[in-house]
Amino acid sequence: MATVSLCMIVKNEEKVLARCLDSVADCVDEIVIADTGSTDATKEIAAKYTDKIYDFPWIDDFSAARNFSFSKATKDFIMWLDADDVLTEDNRELFLKMKNALSQDVDSVMMPYQTAFDEEGNPVFSYYRERLVRRGSGAVWKGRVHEAMVHVGRRIFSDAAIRHCSVKTFYSDRNLKIYESQIAAGERLEPRDRFYYGRELYYHRRYEEAKRVLKDFLDSKEGWSENNIEACKILSYCFTETNDPDGGVRALTRTFCYDTPRAETCCEIGSIFLKIKNYRLAAFWYELALKIPKEEKFGAFVSEDCYGYLPCIQLCVCYDKLGDRVKAEEYNRRAGTYRPKSRAYLLNLEYFRRLSENH
């Protein structure tokens with residue numbers, strides 16, 4: 001059986017660290033904590049789980065901190081988590097099954113990362129990330145912000161998922177400042193960094209700057225296809241936020257240069273046409289979304305709702321506006337098969353009930 005070192009970087013995580021470690025402590029063989037300057041009880045909490053706690057002065061570089069934590073690992077494989085991540089009971093079983101079966105020729109393990117959930121706690125947004133790497137395989141973290149692991153060798157996919165259960169109530173400007181300090185110092189941003197810099201600008205409502213950065217990133221043709229597709233989506237948001245729906249649609253159709261249409265993209269295009277009340281075109285794109293099969297194990301961001309619930313609930317709106325009540329009710333019924341406790345679905349049921357009573 002393979003052994004696993006859990007390596008984490010933390011700072012002021014007293015609210016969530018115990019929850020994380022409680023969920024995973026008996027699944028790993030070693031816990032390494034690199035603290036980057038906590039002023040709360042984080043280190044005291046960590047000490048209840050491990051004596052391998054190290055101080056690492058924060059230097060505005062997440063990769064440096066993660067690489068330091070990895071350097072302290074001693075087991076066969078290294079696993080990473082953030083303090084607000086959780087391994088649920090059902091995923092613990094899948095994780096242990098995978099761990100027990102790890103062979104000597106595996107260099108990395110990709111696991112689903114679930115980051116958004118519906119009203120019943122079911123994941124609706126996820127993507128695969130490299131979660132375990134063989135110690136000594138040469139894997140290294142790169143990028144000061146939104147760091148990624150560079151690794152080679154044979155990788156496998158596991159169904160054991162990590163749930164991201166954040167308790168944060170605001171989005172800070174820390175990441176944006178790191179990028180801007182790099183630029184001010186004359187440091188070259190790698191293609192992946194340019195994509196995330198553009199996304200940070202969008203998050204902070206600096207839409208014109210975000211447009212410029214994201215366009216330059218796409219025009220460079222240096223980006224990974226998944227980042228290109230995501231950049232097109234963020235670029236479309238910048239256009240719609242600045243009252244240019246045509247620009248938003250053009251940005252989204254650019255994704256077709258990188259892959260066949262995905263349900264997520266079709267739903268985004270549908271939402272633009274729905275917003276400008278072009279219900280016929282909106283319906284076309286939502287219906288196309290329903291025809292596209294879902295693929296998960298290739299690194300893309302997967303929005304579960306786009307493969308059923310979302311296009312159905314929006315088609316209910318479209319056909320209601322187009323005066324086709326039969327189709328509207330049918331699509332609402334289909335939406336309910338995906339998310340029976342959805343507030344929108346339940347409100348629609350009441351809406352159609354009142355219509356029936358009035359006629």
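The values are calculated or read from the model by the stated rules, or taken from the named source; none is laboratory data. Predicted model only: the values in this text are computed from it and were never measured. Don't worry about glycine lacking a Cβ; one is built from the backbone with ideal geometry, like all the others, and counts go over all protein chains shown. In case anyone asks, the SASA skips ligands and DNA or RNA and just uses the protein heavy atoms, side chains included. Shrake-Rupley method; radii C 1.70, N 1.55, O 1.52, S 1.80 Å.
Of everything in the range 264-282 that is out of contact with any Leu (no Cβ under 6 Å at 6 or more places or on another chain) and assigned to a helix (DSSP H, G or I), the residue that is nearest to residue 249 (Cα to Cα) is 272. For the range 127-150, the candidate set comprises residues that are within 18 Å of the chain's Cα centre (by Cα) and hydroxyl-bearing (Ser, Thr, Tyr); within that set, the residue that is surrounded by the most Cβ atoms within 10 Å (Cβ to Cβ) is 128. Looking at the range 10-35, which of the residues that are open to solvent by 20 Å² or more (accessible area, probe 1.4 Å) and touching a helix residue (DSSP H, G or I) at 6+ places or on another chain (Cβ under 8 Å) is nearest to residue 75 (Cα to Cα)? Looking at the filtered set, the residue picked out is 18.
For beta carbons closer than 8 Å, sequence separation of 6+ or different chains, a first residue in the range 328-345 that is farther than 9 Å from residue 315 by Cβ and a second that is surrounded by 21 or more Cβ atoms within 10 Å (Cβ to Cβ) and at pLDDT below 95, there are no qualifying pairs.
Note on the range 151-187: residues that are modelled with pLDDT under 90 and surrounded by 13 or more Cβ atoms within 10 Å (Cβ to Cβ) amount to 1. When each of 100, 91, 122 is tested for being among the polar types (S, T, N, Q) and within 26 Å of residue 310 (Cα to Cα), the lone residue that passes is 122.
The criterion of at least 2 residues that are in contact with a helix residue (DSSP H, G or I) (Cβ under 6 Å, 6 or more places away or on another chain) is met, among strands (runs of 3 or more DSSP E) falling completely within the range 64-183, by 140-142. Filtered by the rule that a residue be part of a helix (DSSP H, G or I) and either open to solvent by less than 10 Å² (accessible area, probe 1.4 Å) or in contact (Cβ under 8 Å) with a residue 40 or more places away in the chain (or both), the range 188-201 gives 192, 193, 195, 196, 198, 200, 201.
Of all residues in the range 73-125, those satisfying the criterion of being under 14 Å from residue 158 (Cβ atoms) and within 15 Å of the chain's Cα centre (by Cα) are 110, 111, 112, 113, 114. Within the range 33-57, no residue that is closer than 12 Å to residue 13 by Cβ sits with its Cβ atom under 8 Å from a residue that is modelled with pLDDT under 95 and in a loop (DSSP other than H, G, I, E, B) at 6+ positions apart or across chains. Which residue is nearest to residue 281 (Cα to Cα), if the candidates are limited to the range 305-359 and must be in a loop (DSSP other than H, G, I, E, B) and either open to solvent by 70 Å² or more (accessible area, probe 1.4 Å) or of a type in the set (Lys, Arg) (or both)? It comes out as 322. The set of residues from the range 236-246 being touching a helix residue (DSSP H, G or I) at 6+ places or on another chain (Cβ under 7 Å) and either open to solvent by 30 Å² or more (accessible area, probe 1.4 Å) or assigned to a loop (DSSP other than H, G, I, E, B) (or both) comprises 237, 240, 241, 242, 245.
Here's the yes/no breakdown for (1) hydrophobic (A, V, I, L, M, F, W, C); (2) open to solvent by less than 20 Å² (accessible area, probe 1.4 Å); (3) within 25 Å of residue 193 (Cβ to Cβ):
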{"residue": "214", "(1), (2), (3)": "yes, yes, yes"}
{"residue": "219", "(1), (2), (3)": "no, no, yes"}
{"residue": "248", "(1), (2), (3)": "no, yes, yes"}
{"residue": "256", "(1), (2), (3)": "yes, no, no"}
{"residue": "259", "(1), (2), (3)": "no, no, yes"}
{"residue": "267", "(1), (2), (3)": "yes, yes, no"}
{"residue": "272", "(1), (2), (3)": "yes, yes, no"}
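Of all the listed residues (48, 43), the sole one being under 29 Å from residue 116 (Cα atoms) and either open to solvent by 70 Å² or more (accessible area, probe 1.4 Å) or touching a Gly at 6+ places or on another chain (Cβ under 8 Å) (or both) is 43. Among the residues of the range 275-302, those that are modelled with pLDDT of 95 or more and open to solvent by less than 70 Å² (accessible area, probe 1.4 Å) comprise 278, 279, 281, 282, 283, 285, 286, 287, 288, 289, 290, 292.
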